[in-house]
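As structure tokens, the structure follows; a few thoughts come after it.
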């Protein structure tokens, strides 16, 4: 069984037409496009709409990996450097 996903946010960007991109590191677990994660600072749940790496798409990244995640429809204010994102199996 895979451990619940955990990801530490390093930086936050906005890509017009795509959404918010957060860069950071997968601490544990796996994430896929379509999974919902929870920001432990705000309690807000957001859907990861894509995983990007140097202009190409990845399969599900596993820990430890530096991975940019895309959140379509999210606002930059939903994320800050240092935030911990958890899920999709995290039910806290």
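Distance between the modelled labels on residue 44 and residue 77, one decimal in nanometres: 0.8 nm (7 Å Cα→Cβ projection). The ranking of 77, 3 from fewest to most other beta carbons within 10 Å of each one's beta carbon is 77, 3. Neighbour counting of Cβ atoms within 10 Å sorts the residues 31, 51, fewest neighbours leading, into 51, 31. Once the Cα-Cα distance is subtracted from the 0.36 nm per residue extended length, the residue 13 to residue 36 segment shows a gain of 6.4 nm.
Laboratory data are not the source of any read-out in this text; all were calculated from the coordinates shown. As the structure is a prediction and not an experimental result, all values here were calculated from the model. Cβ: placed from backbone, ideal geometry, glycine included. Neighbour counts: every protein chain shown.
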